[in-house]
Amino acid sequence: MTLTAYNNVTVPPFMYGTAWKKEATTRLVLMAVEAGFTAIDTANQLIHYDEALVGEALLALAAKGTTRERLFLQTKFTPANGQDHRTPYDVTANVATQVAQSFASSLAHLHTDYLDSYVLHGPYGRRGLAPEDWEVWAAFEQLYESRQVRMIGISNVSAEQLRLLCEKAKHKPFVVQNRCYAAFGWDKEVRDICHTHHILYQGFSLLTANREVFTEAAVRAIAAKHGMGLAQVVFRFAMQVGMLPLTGTTDPEHMKEDLQSDRFTLSPEDVQCIETVGLS
Ligand SMILES: NC(=O)c1ccc[n+]([C@@H]2O[C@H](COP(=O)([O-])OP(=O)(O)OC[C@H]3O[C@@H](n4cnc5c(N)ncnc54)[C@H](OP(=O)(O)O)[C@@H]3O)[C@@H](O)[C@H]2O)c1
């Protein structure tokens, strides 16, 4: 199964996230691809990610015959307020130059000449879109039009910001990547906007942000009924409501389990139960 963006680019249904892996990044990316993941998420932001170590894994995979085209690579431009002193661009340069420098260094880290998806890690402010956000977006649109990236997107975006971007951008986002809280209907408002605009919604922290969901008797009963684990039920729910889930597991058994989340089907009642479980 694959997902399709509104420009017809196909995207794998599950993504392996590389945040917080530190020196284990290379080993874990290799393990994830060998387990069956074909989509990798990273960021050019050393506080949480190590893009160059993802690149080391890609070199090792290429040596074993995994071609670049078989993988879906997504990375992010992180504004200076989300970086530490190791910012991968000149912070005194204008925003377009910062994007160009960060993008060039991402290509070098990942040993590629194009990206499948390039994501703004987060808008510059919490409300509205700042002039800097529009400057980043214009630079992203140029990367898209020059075919250096196949899709552009935004992360950590509110419904208000996403509506604004969809209204005013020349190219609306192809991808949104957000933290997904059951307490907010699993980001229902943003997901609904994505649905309307045919934007692919990627959900992260599906497990870690929703630990209370796992203690709910109704959710445990759904898992027992299908003979599946709680993580698999949450990932399957995410897929059935149209999300592309991310997992950052470090455990080879969990990698297999997570990838097997598409091997069963939740009933409409199960989906309704999980979608609303955090709202009460
Ligand atoms: N855009 C952003 O700002 C942003 C922010 C955060 C994350 N992300 C992206 O999203 C990715 C995933 O982050 P995340 O927060 O969803 O994941 P995560 O924090 O890496 O956590 C996954 C957690 O779930 C556990 N887990 C996974 N599969 C499991 C299973 N089958 N059974 C039991 N436990 C399981 C993992 O434990 P084990 O290791 O023991 O399996 C881990 O504790 C990140 O790596 C990053 O790429 C993006």
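The values are calculated or read from the model by the stated rules, or taken from the named source; none is laboratory data. Please read these numbers as outputs of a predicted model, since none were measured by experiment. Quick reminder, even Gly has a Cβ in these numbers, built from the backbone with ideal geometry, and neighbours come from all protein chains shown.
Hey, does the stretch 120-127 have a residue that's surrounded by fewer than 16 Cβ atoms within 10 Å (Cβ to Cβ), at negative phi, within 16 Å of the ligand (Cβ to nearest atom) and of a type in the set (D, E, K, R)? Yes - at least one qualifying residue is present in the stretch 120-127. In the stretch 36-48, is there at least one residue being buried (at least 16 other Cβ atoms within 10 Å of the Cβ), away from the ligand (no atom under 11 Å from the Cβ), β-branched (Val, Ile, Thr) and farther than 25 Å from Tyr144 by Cα? Looking for residues that are buried (at least 16 other Cβ atoms within 10 Å of the Cβ), away from the ligand (no atom under 11 Å from the Cβ), β-branched (Val, Ile, Thr) and farther than 25 Å from Tyr144 by Cα, one finds none in the stretch 36-48, hence no. Among residues of the stretch 186-207 that are free of Cβ contacts under 8 Å to residues at least 24 places away in the same chain, those with a beta-carbon under 6 Å from a residue that is in a strand (DSSP E or B) at least six positions away or on a different chain give the pairs Asp187/Asn178.
Pairs linking a residue in the stretch 235-251 that is under 18 Å from Thr4 (Cα atoms) and in contact (Cβ under 8 Å) with a residue 60 or more places away in the chain to a residue that is within 10 Å of the ligand (Cβ to nearest atom) and assigned to a helix (DSSP H, G or I), with Cβ atoms under 6 Å and 6 or more positions apart or on different chains, are Pro245/Phe235.
Is it true that some residue in the stretch 213-229 is under 20 Å from the mean Cα position of the chain (by Cα) and closer than 13 Å to Tyr181 by Cα? Taking every residue of the stretch 213-229 in turn, none turns out to be under 20 Å from the mean Cα position of the chain (by Cα) and closer than 13 Å to Tyr181 by Cα. Answer yes if at least one residue in the stretch 144-153 is out of contact with any Gly (no Cβ under 8 Å at 6 or more places or on another chain) and within 13 Å of the ligand (Cβ to nearest atom), and no otherwise. Yes, there is a match, as at least one residue in the stretch 144-153 is out of contact with any Gly (no Cβ under 8 Å at 6 or more places or on another chain) and within 13 Å of the ligand (Cβ to nearest atom). Annotation note: of Val190, Val175, the sole residue that is within 22 Å of Cys273 (Cβ to Cβ) and not hydroxyl-bearing (Ser, Thr, Tyr) is Val190. Residues that are outside any helix (DSSP H, G or I) and either within 11 Å of the ligand (Cβ to nearest atom) or among the hydrophobic types (A, V, I, L, M, F, W, C) (or both) do not occur anywhere in the stretch 211-227. Which one is farthest from the ligand (Cβ to nearest atom), of the residues in the stretch 7-35 that are within 21 Å of Arg86 (Cα to Cα) and surrounded by fewer than 16 Cβ atoms within 10 Å (Cβ to Cβ)? Among those residues, the one meeting the criterion is Glu23.
The set of residues in the stretch 232-280 being within 9 Å of the ligand (Cβ to nearest atom), polar (S, T, N, Q) and surrounded by 17 or more Cβ atoms within 10 Å (Cβ to Cβ) consists of Gln232, Thr247, Thr249, Ser261.
To keep it simple, each residue is scored yes or no on (1) in a helix (DSSP H, G or I); (2) more than 12 Å from the ligand (Cβ to nearest atom); (3) touching a Ser or Thr at 6+ places or on another chain (Cβ under 7 Å).
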{"site": "His171", "(1), (2), (3)": "no, yes, no"}
{"site": "Arg191", "(1), (2), (3)": "yes, yes, no"}
{"site": "His195", "(1), (2), (3)": "yes, yes, no"}
{"site": "Gly203", "(1), (2), (3)": "no, no, no"}
{"site": "Leu207", "(1), (2), (3)": "no, no, no"}
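Of all residues in the stretch 261-280, none that is part of a helix (DSSP H, G or I) has its Cβ atom under 9 Å from the Cβ atom of a residue that is loosely packed, with under 11 Cβ neighbours inside 10 Å and modelled with pLDDT of 95 or more, 6 or more apart or on another chain. Gly65 satisfies every condition listed in (1) surrounded by 21 or more Cβ atoms within 10 Å (Cβ to Cβ); (2) over 24 Å from Gln148 (Cβ atoms) except (1). I'm checking my understanding of the structure. Among residues of the stretch 228-256 that are part of a helix (DSSP H, G or I) and among the charged types (D, E, K, R), which one is farthest from Gly36 (Cα to Cα)? Looking at residues that are part of a helix (DSSP H, G or I) and among the charged types (D, E, K, R), I get Arg236.
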